[in-house]
1. Might you check whether a residue that is of a type in the set (A, V, I, L, M), buried (at least 22 other Cβ atoms within 10 Å of the Cβ) and over 30 Å from residue 322 (Cβ atoms) occurs anywhere in the stretch 219-236?
2. If you scan the stretch 332-344, which residues turn out to be open to solvent by less than 60 Å² (accessible area, probe 1.4 Å) and without any contact (Cβ under 8 Å) to a residue 60 or more places away in the chain?
3. Select from the stretch 196-210 the residues that are open to solvent by 60 Å² or more (accessible area, probe 1.4 Å) and over 27 Å from the mean Cα position of the chain (by Cα) and write down the one among them that is nearest to the ligand (Cβ to nearest atom).
4. Is it the case that some residue within the stretch 203-217 is assigned to a strand (DSSP E or B) and within 21 Å of residue 39 (Cα to Cα)?
5. Within the stretch 401-431, can you find the residues that are open to solvent by 70 Å² or more (accessible area, probe 1.4 Å) and under 47 Å from the mean Cα position of the chain (by Cα)?
6. Among the residues of the stretch 443-461, is there at least one that is under 42 Å from the mean Cα position of the chain (by Cα) and more than 20 Å from residue 399 (Cα to Cα)?
7. Could you list, ordered by first residue, the pairs with Cβ atoms under 7 Å in which the first is in the stretch 435-448 and without any contact (Cβ under 8 Å) to a residue 24 or more places away in the chain and the second is charged (D, E, K, R), at least 6 apart or interchain?
8. Could you tell me which residue of the stretch 7-32 is nearest to the chain's Cα centre (by Cα), considering only residues that are within 17 Å of residue 312 (Cα to Cα) and within 13 Å of the ligand (Cβ to nearest atom)?
Amino acid sequence: MTNTPDARVRVRFAPSPTGRLHVGGARTAIYNWAFARAMGGDFILRIEDTDPERSTEENVQVILNAMKWLGLNWDEGPEVGGDAGPYFQTERTGTYAEALERMKARGSVYPCFCTKESLDAKRAKAEAEEGGYAGYDRTCRDLDPAEAAARIAAGEPHVWRLRVPEGRGAIEFDDAVYGHVSFPAEVMDDMIVVRTDGSPTYNFAVVCDDANMGITHVIRGDDHLSNTPRQILIYEALGFDVPTFAHLSMILGPDGKKLSKRHGAASVEEFCERGYLPDAMVNFLALLGWSLDGETTLIDRETLCREFSLERVTKKDAVFDETKLDWMNGQYIKEMGASAWVQASLPWLFELGATAEDVAARPEFYLGMYPLVAERLQRLDEIPAKLAFLFWGAHVPEFDEKSVAKVLKKEGARADEALRACRAVLADESRPWEAASLEEACRAEGERLELKPKLLFQPLRVAVCGNMVSPPLFESIVLLPRADVLARIDQVTEEVFGG
Ligand code: GLU
């Protein structure tokens, strides 16, 4: 059975909260989210927290924060609720018990009393023999129902196994990405669905949840491809519609190996800490396996949410190219505008000594930084190195040695003269503290002294910014108070030229 084509699309992202959100998981989330939006459907967030040791409250929060940071709003799930809840597997125990009852009534499960010891012994024996272990030998499959009931009533420990139908044949499905997939039936064991302690196995819980939540499309990593035939058997055992599956290829590092910590940052949180913008991350990750038209690289959220389709998802493994991500992030920085930039840059501005109060009190100072760096940043964590000089006040903590040697102390450069000339212009209070006018006046001085602009401006740059590679000079200068600029020139004159 499959879903009727006109059923409202419902998809889910189902992370196990065992640590940070890996970029592979983030891409899966993005595809589900964008697909739901494109289809006018629902995007559900379900937390698969059945591993009691690793699924901590804190890890749940880490995932939710990563989702929020990426801007992947979910329609149902933690914090927002919904009719198909609860959205934590640990709170859905009752639904698994109900599903088990349903399968019992349909005769599609049976209790198995085989002990672990006996199963282990059989497995070891089979493995030693030719042919190997072929799965559970179905000892309990045909127990007399009355006997089985009596043993259960007597409290004998047991699991519940799926009764894989005799002659089921190959398990086939049409994956929206992989195409037609077929698994031979022989590999299908009478798998356990409920353990001795009453807890559901992973595949059973996933199917119960997806079915009960009305999921129409299961979009997930292809590490789950081998679970899919088992899950299909469970759907059939429950008598539920099988959703459409779409398995996503792996994300590889530049060396062709699965992307992991070895390649540097691999979690959403780390990319956030390194100054990538959520819009750029979403754009970049969306393109790891999907394309709009095979060539467009900058795709905003609106376009993604309108145009995303599973047809354009490739099954080829995607390579994570950090150089491309850096470039893309730079493009988003360039376009984001000053006030969004200040907001996004706060953590790094705080590193430099900014405070929330100061940002509120002097918006023009902070907004004014943006044009200086809008086209020069690939990541926001480059801000401290690039803009530190704006926070030094009247005193430069340290002049870059190389710049001092190359610019200020260079034979015949007349750097002291250049500084004196510029200082005089900058000290003239009748002149507006405005970049173009200051630059023009300094240039005129340079011409009078027959100093080329470079020889005139580089010393000033080193004096004010501490090195020779600052953002545009006069635009930077006018962000600072006149007194501080003059004090820095005096400082360098004294330290380098002895007053
Ligand atoms: N919880 C599973 C995981 O973290 C996802 C299960 C699924 O998508 O079916 O990999």
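1. The answer is yes, given that some residue of the stretch 219-236 is of a type in the set (A, V, I, L, M), buried (at least 22 other Cβ atoms within 10 Å of the Cβ) and over 30 Å from residue 322 (Cβ atoms).
2. If we filter the stretch 332-344 for residues that are open to solvent by less than 60 Å² (accessible area, probe 1.4 Å), which is where we start, we get 332-333, 336-338, 340-342, 344.
Those that are open to solvent by less than 60 Å² (accessible area, probe 1.4 Å) and without any contact (Cβ under 8 Å) to a residue 60 or more places away in the chain: 332, 333, 336, 337, 338, 340, 341, 342.
3. 197
4. Checked against the condition, which is being assigned to a strand (DSSP E or B) and within 21 Å of residue 39 (Cα to Cα), the stretch 203-217 yields at least one hit.
5. Correct list: 401, 402, 406.
6. No, every residue in the stretch 443-461 fails to be under 42 Å from the mean Cα position of the chain (by Cα) and more than 20 Å from residue 399 (Cα to Cα).
7. 437/431; 441/431
8. The selected residue is 27.
The values are calculated or read from the model by the stated rules, or taken from the named source; none is laboratory data. Quick caveat: nothing in here was measured; it's all calculated off a predicted structure. Neighbour counts run over all protein chains shown; Cβ positions are idealised from the backbone, glycine included. Note: areas computed on protein heavy atoms with side chains; ligands, DNA, RNA excluded. Shrake-Rupley method; radii C 1.70, N 1.55, O 1.52, S 1.80 Å.
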